[in-house]
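Colleague: This is the structure, below, for whatever I ask next.
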Amino acid sequence: MVFQVLTPDEKLAALKWPHMEAVNRITLAPADWLIVCAGFEDRTEGVLERAIGSQTPFRVLLILYDPDVPENKEDEIREICRRAGIQPVEVVYKRHDQAGFGRTLLENLEPCDGRIVVDVSAMSRLLIVQALVALGSRPEGFKDCFVAYAEAEVYPPNQAEAEAELARSETDPTLFILFLSSGVFEVSVVPELSARGMPGAQSRLISFPTLDAHHLIALRAELQPSRFSFIEGVPPSPENRWRQDFIAKMNRLGEIKDAEICKTSTLLYEETLNCLLDLYRKYAVRERLLLSPTGSKMQTVAVGVFRTFVSDIQIVYPTPGGFRSPENYPRGIDRLYLLPLGAFRLDES
């Protein structure tokens, strides 16, 4: 009998990946946990409200951000829980000291004899990766784990506003466009998402260009990578497709020598997961790979699943120094999606 030994990336590629489904509500049982974050976007409350509609009490783990933003919706979430007869367990996520939060998350989920639903709608990208890697690395892995995601109705800025800001910056070199966050506190490297690098190996930065061009500037200045692979996000809605070219223009991707450009959906996580596997196969043997999860929420879910399997890739993250007005962020609550993670089994051979 011949036994085939698969590498971690081959194991991941060989699995039958689950599909994300649009749902009207989430029905939870008393033993189930819903993990929510107290952000300031409208969709912060979307998943919780639709789960509460099932009229069944369940457990809630409420993640509070530190430093806090006055517009964060922790009081609104507490009130929703109070009306449903739920006393949430609260834990603080320190944006400027994120190390070890995956372990903290698991400790606060005990006892856990039901399902775990992670609402990524208002989560920091780094937190999404930390949470998924922590859950996937348990002895039972992703068994009975789900990702919930609420789309927004409106994604500012509109094309006219964005083009006007870009035109202003081109006429005034001292003007820096700040659409969402204001500056970078630091490029974070948390121990649980670290990886050993090959001595003397050149480094390749894999990142997702965004409206915040200073994120890429900080990554390049701090990490000094030799090579680049950029994953551009393709919005599912045709009226938002202009953002892809605009973001490339804002980040001056065309001026970065020999940069590799990939394109994946901002909603369909499978496209990003396939892209990450392709990049890993092409470069991991000869280069040290640095992966920055600065894409959409569902692109970041793909990063979390990928990093759960492939541990020899370094996660780096440009932690925002602050945030601009919530009016600049996605507004409203649109479709709700649920992604079962149980098929991602680390022990599959």
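Colleague: 5 Å is the cut-off here: which amide hydrogens, built 1.01 Å from N in the peptide plane, fall below it relative to I261, excluding neighbours closer than 5 in sequence?
Modeller: F230
Colleague: Still on this structure, I have one more. Rounded if a/c is under 1.5, else prolate if a/b beats b/c, else oblate: with a ≥ b ≥ c from the C-alpha gyration tensor eigenvalues square-rooted, which is the range 51-160?
Modeller: Since a/c stays below 1.5, the shape of the range 51-160 is classed as rounded.
Colleague: Tell me, in nm to one decimal, what length is gained between R241 and R331 on full extension, where the rule is 0.36 nm per residue of separation less the Cα-Cα distance?
Modeller: Result for the pair: 30.6 nm of gain on full extension.
Colleague: Roughly how many nanometres apart are two label points built 7 Å out from the Cα toward the Cβ at E270 and E222?
Modeller: Between E270 and E222, the label points sit 3.4 nm apart.
Colleague: Under a plain spin-label model, where a point goes 7 Å from the Cα along Cα-to-Cβ, how far apart in nm are T7 and A164?
Modeller: That separation, rounded to one decimal, is 5.1 nm.
Colleague: Treating the range 8-64 as a set of equal point scatterers at the Cα positions, no solvent, please give the Debye-formula log₁₀ I(q)/I(0) at q = 0.16 Å⁻¹.
Modeller: -0.66
Colleague: Which of S226, L267, P238 sits farthest toward the positive end of the charge dipole of the range 159-328, with +1 on the Cβ of Lys and Arg and -1 on the Cβ of Asp and Glu?
Modeller: S226
Colleague: Let me ask something additional. Would you list V91, V147, V117 from fewest to most Cβ contacts within 10 Å?
Modeller: V91, V117, V147
Colleague: Check R288: other-chain or 5+ apart residues with amide H under 5 Å from its amide H, H built from backbone geometry?
Modeller: Q202, S203, R204
Colleague: With both partners inside the chain, how many of the DSSP beta bridges are antiparallel, as a percent to the nearest 5?
Modeller: Around 30 percent antiparallel, to the nearest 5.
Colleague: Find the Rg to Rh ratio for the range 159-328, where Rh is the Kirkwood radius over alpha-carbon pairs and Rg uses the same atoms.
Modeller: Over the Cα atoms of the range 159-328, Rg/Rh equals 0.96.
Colleague: What is the calculated FRET efficiency for E79 to D312, with r their C-beta to C-beta distance and R₀ = 51 Å, to the nearest 0.05?
Modeller: 0.70
Colleague: Ranked by Cβ crowding within 10 angstrom, fewest neighbours first, how are V187, V5, V89 ordered?
Modeller: The most exposed by this proxy come first: V5, V89, V187.
Colleague: Divide by every residue of the chain the summed helix terms, -39500 (n - 2.57) for each DSSP H run of at least 4, and state the resulting mean residue ellipticity at 222 nm, rounded to the nearest 500 deg cm²/dmol.
Modeller: That calculation yields -9000 deg cm²/dmol at 222 nm.
Colleague: Please list, by residue number, every one of the trypsin sites (Lys or Arg not before Pro) in the range 1-56 that is coil in DSSP and has at most 15 other beta-carbon atoms within 10 Å.
Modeller: K16, R25
Taken together, the values in this text are just the output of simple stated rules run on the coordinates, not laboratory data. This one's a predicted model, so the numbers in the text were calculated from it and none came from an experiment. Counting neighbours? That spans all protein chains shown, and the Cβs are built from the backbone with ideal geometry, glycine included.
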